[in-house]
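Once you've had a glance at the structure underneath, I'll fire off some questions.
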Amino acid sequence: MTVLVEGVSVIIKLEAINRVIPDGWEGFRQYMPNFTLCKDDKLARFSFLDKDGAMEFKNKLESLNLVYQGSEGAEDFALVDQMYGVTTKCNWLECGHLDIHNDPKKKVAACRLAGTRDDTIVTPEGWKYENSLTAEYGLTPS
């Protein structure tokens, strides 16, 4: 599957959460920064309105021993900007734009684990394109 990217998104490998955090996903739930979670079976994504919020969460994840930058770039998690894409080298994510409900007027930014092919977009509970950051601000800088 593919996770929605809006604002500045922090995308975390679920494998890393299960490897590093005691009690895996259940143990991680106490550190969720907001209600913007969307997750498939490989990735979890949280969205922030600005880079400052994303960086604060990045620092929290690093304090939990999840690795942002390894020798090959992003390791356990990555930051992805809805307008500019991945903010650092990341060989495990594929990012692009997809149509919501096959409507080319409703494009969103999205990422999936590299090598997977499912374009089904996972969004936060209750998310609607009409009320989204994408609808409000678009996908490219003005």
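Readers should treat all values here as calculations from the given coordinates under stated rules, not as data from a laboratory. Quantities reported herein were computed from a predicted structural model and do not represent experimental measurements. Cβ atoms come from the backbone with ideal geometry, glycine included; neighbour counts cover every protein chain shown.
I need the peptides 120-127, 89-96, 18-25 ranked by packing, meaning the mean over residues of other C-beta atoms within 10 angstrom, with the highest value on top.
89-96, 120-127, 18-25
Compute the angle between helix 51-63 and the longest alpha-carbon principal axis of the chain, please, reported from 0 to 90 degrees and rounded to the nearest 10.
Around 30 degrees separate the two axes.
Using only Cα atoms, locate the centre of the stretch 102-142 and the centre of the stretch 8-66, then give the distance between them in Å, rounded to an integer.
19
How big is D, in µm² s⁻¹, for the stretch 2-137 by Stokes-Einstein at 25 °C and 0.890 mPa s if Rh is the Kirkwood radius over C-alpha pairs?
164
Please report how many Lys pairs in the stretch 2-137 have alpha carbons closer than 18 angstrom, counting only residues at least 8 apart along the chain or sitting on separate chains.
13
Of the listed peptides 3-13, 32-42, what is their order by residue-averaged count of other C-beta atoms within 10 Å, with the highest listed first?
3-13, 32-42
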